[in-house]
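Working notes for the structure below.
Readers should treat all values here as calculations from the given coordinates under stated rules, not as data from a laboratory. Every value quoted in this text rests on a predicted model; they were computed, and no experiment measured them. For neighbour counting, all protein chains shown are included, and Cβ atoms are generated from backbone atoms with ideal geometry for every residue, glycine included.
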């Protein structure tokens with residue numbers, strides 16, 4: 001006879017990774033208790049990119065219907081020289097992405113994705129969401145795992161088959177592993193802002209790039225990414241520079257002169273943009289080099305940023321969290337043995353490592369200078385658009401591996 005707790009799952013964290021995991025496990029017949037330390041599920045941040053490898057999973061989970069009305073399907077990703085405004089390369093998206101990779105490429109506000117996930121999770125009778133609660137500790141044992149949850153000044157315990165740590169880059173659960181589990185500041189800062197497309201900043205941007213495009217302006221000291229949100233009414237701006245950490249906050253507001261200095265040598269429109277936008281916030285880009293395992297005893301697993309926070313240069317942070325969550329639920333449903341989680345971890349590590357290498361390559365190319373920049377530009381001019389798309393097949397065309405029975 002199956003033990004009652006063998007179908008129980010505890011998820012720590014109510015962000016993109018945690019909510020996706022809750023939905024994926026519930027669809028696999030598990031009962032899920034999700035604990036979120038915040039008293040409300042409010043998502044910080046601005047825009048994010050959802051490539052086809054993530055969108056097809058959101059579609060399968062029944063999330064995409066709520067997201068599509070507020071998401072944007074860009075026509076292309078365009079690489080632009082920030083000094084001359086010359087187009088260096090372009091990857092087609094839109095209908096081309098749907099046909100080539102089986103799902104659209106979307107850009108959306110992070111809060112809109114969170115709302116779509118929350119709405120979907122709320123319709124599952126086997127998901128219980130508890131806010132204002134922190135999974136503070138856990139112990140793996142023969143029955144699975146027992147978690148200690150702090151809520152309203154009290155500590156309660158819950159037993160389950162699996163505890164999923166989805167509590168972000170500054171994860172409490174990862175921190176239980178000790179010094180190795182701490183995140184590290186990467187040395188890069190993401191300056192973020194959202195502006196109205198019909199405002200002064202939107203007017204400047206309209207002279208630099210097409211309205212329905214993901215534009216990447218590259219320069220040795222900075223790269224600026226611009227794309228539309230919320231039906232095109234809003235534009236998302238992210239400028240990445242080097243600099244000292246503004247602290248562990250997603251909404252720090254440091255001296256804007258750091259950003260103005262970084263764009264020295266860029267086109268005059270970019271200088272004007274930096275001055276016009278008064279709402280820049282600074283996001284310290286943290287990474288996680290977790291040398292220990294992401295799983296423990298067949299009853300604990302880290303996913304998303306809690307396991308492998310990486311730099312955003314491949315625009316795959318949200319996508320990798322979504323992939324983690326779905327593949328983990330599949331793994332748990334297909335086998336109860338600890339080696340199933342070991343196999344899941346090995347497969348995910350290989351995938352994440354390849355994505356991280358792509359991100360490192362992008363950063364190198366985007367911040368190239370001198371002869372390296374000249375070689376980059378020559379390479380991109382000679383690379384046919386079809387080949388640029390083919391270079392992304394392994395990433396955007398990924399599908400959940402078939403279960404082994």
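Overview of results
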item	result
Principal semi-axes in Å for region 58-139 [√(5λ), Cα gyration tensor, largest first]	36, 18, 12
Residue-averaged [θ]222 nm for the chain, counting only DSSP H segments that reach four residues, each worth -39500 (n - 2.57)	-10500 deg cm²/dmol
Residue exposure sequence - 399, 376, 73 - by fewest surrounding Cβ within 10 Å	399, 73, 376
FRET efficiency, residue 346 to residue 272 (Cβ-Cβ, R0 51 Å, nearest 0.05)	0.55
Counting all C-alpha pairs of region 83-237, share separated by more than 23 Å (%)	62 percent
Point-to-point label distance, residue 364-residue 6, nm (Cα→Cβ direction, 7 Å offset)	4.9 nm
Spin-label pair residue 96/residue 394, simplified geometry with 7 Å Cα→Cβ offset, distance in nm	2.1 nm
Pairs of Cα atoms farther than 18 Å apart, region 1-99, %	64 percent
Convex hull volume of the chain per residue (C-alpha atoms, cubic angstrom)	139 Å³
Rule-of-thumb Rg ratio for region 325-405 [Cα; 2.2 N^0.38 Å; N residues]	1.55
Relative counts (whole %) of C-alpha pair distances in region 171-247, using bins that are 10 Å wide	17, 36, 23, 17, 7, 0
Antiparallel content of DSSP bridges confined to region 2-116, in %, to 5	65 percent
Segment residue 264-residue 85, extension gain: residue separation times 0.36 nm, minus the distance between their alpha carbons	63.0 nm
Theoretical FRET efficiency, 1/(1+(r/R0)^6), r = Cβ-Cβ of residue 143 and residue 338, R0 22 Å, to 0.05	0.95
Largest-first principal axis extents, alpha carbons of region 148-200, Å	54, 28, 25
Extension gain (nm, one decimal) between residue 128 and residue 383, 0.36 nm per residue minus Cα-Cα	86.8 nm
Centroid-to-centroid separation of region 204-231 and region 273-309 [C-alpha atoms, Å]	24 Å
For region 259-405, diffusion coefficient by Stokes-Einstein and Kirkwood Rh (Cα), 10 °C, 1.306 mPa s, µm²/s	86 µm²/s
Tilt relative to the chain, helix 317-334 - C-alpha long axis, 0 to 90 degrees, to 10	30 degrees
Estimated FRET transfer efficiency (residue 353, residue 39; beta-carbon r; R0 51 Å; 0.05)	0.90
